[in-house]
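The values are calculated or read from the model by the stated rules, or taken from the named source; none is laboratory data. Everything numeric here is computed off the predicted structure, so don't read it as measured data. As a convention, Cβ positions derive from the backbone with ideal geometry for all residues, glycine included, and neighbour counts pool all protein chains shown. Areas reflect the complete protein model, heavy atoms only, side chains present, ligands, DNA and RNA absent. Shrake-Rupley method; radii C 1.70, N 1.55, O 1.52, S 1.80 Å.
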Amino acid sequence: MSHDLTDPDLRTLLADTLADTPAKGAVICLCAAWCGTCREFEPGFRAAAAQHPQLRFRWLDVEDEADALGDLDIETFPTLVIGLPDGTARFAGPVLPQPGQIGRLLQSLGL
């Protein structure tokens with residue numbers, strides 16, 4: 001299930017992630033430490049971060065950093081939030097945990 005891209009909690013999450021950084025956008029993975037799929041996805045997420053240094057990548061454990069989510073309800077892992085420095089969300093929803101998924105998604109969004 002995708003999230004409403006105009007949700008104020010998404011805007012806040014993006015703004016907080018991009019605060020004090022010159023990054024052109026953010027890619028936030030909402031995950032959980034207990035989730036095996038998330039643990040398998042993490043190396044690909046880290047590799048995508050290395051391939052896209054112009055973006056700020058953030059691995060956010062929904063239990064450890066629950067306050068950062070506001071009222072966002074995350075039902076499927078991994079869920080990505082991709083957005084711009086002004087807080088505009090371009091994508092917010094679950095993704096297949098495949099290594100090339102992030103790069104393809106960023107390309108389709110023009111990032």
Rounded FRET efficiency, nearest 0.05, which uses the C-beta distance separating Leu84 from Asp64 and R0 of 41 Å: 0.95
Value at 222 nm in deg cm²/dmol, rounded to 500, when DSSP H runs of n ≥ 4 in the chain each add -39,500 (n - 2.57): -9500 deg cm²/dmol
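How long is the gain from Asp20 to Gln51 if the chain were fully straight, where each residue apart is worth 0.36 nm and the alpha carbon distance is subtracted? Walk me through the intermediate numbers first.
Numbers: separation 31, 0.36 × 31 = 11.16 nm, distance 2.12 nm.
Length difference between fully extended and current span is 9.0 nm.
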Tensor-based shape of segment 1-88 (alpha-carbon gyration tensor, a/c under 1.5 rounded, otherwise prolate or oblate): oblate
Rounded accessible area per residue of segment 1-97, 1.4 Å, Å²: 51
Apportionment of accessible area to carbon and sulfur, the chain, percent (1.4 Å): 50
Ranked by how many other beta carbons lie within 10 Å on average, peptides 26-37, 94-105, 10-21 from highest: 26-37, 10-21, 94-105
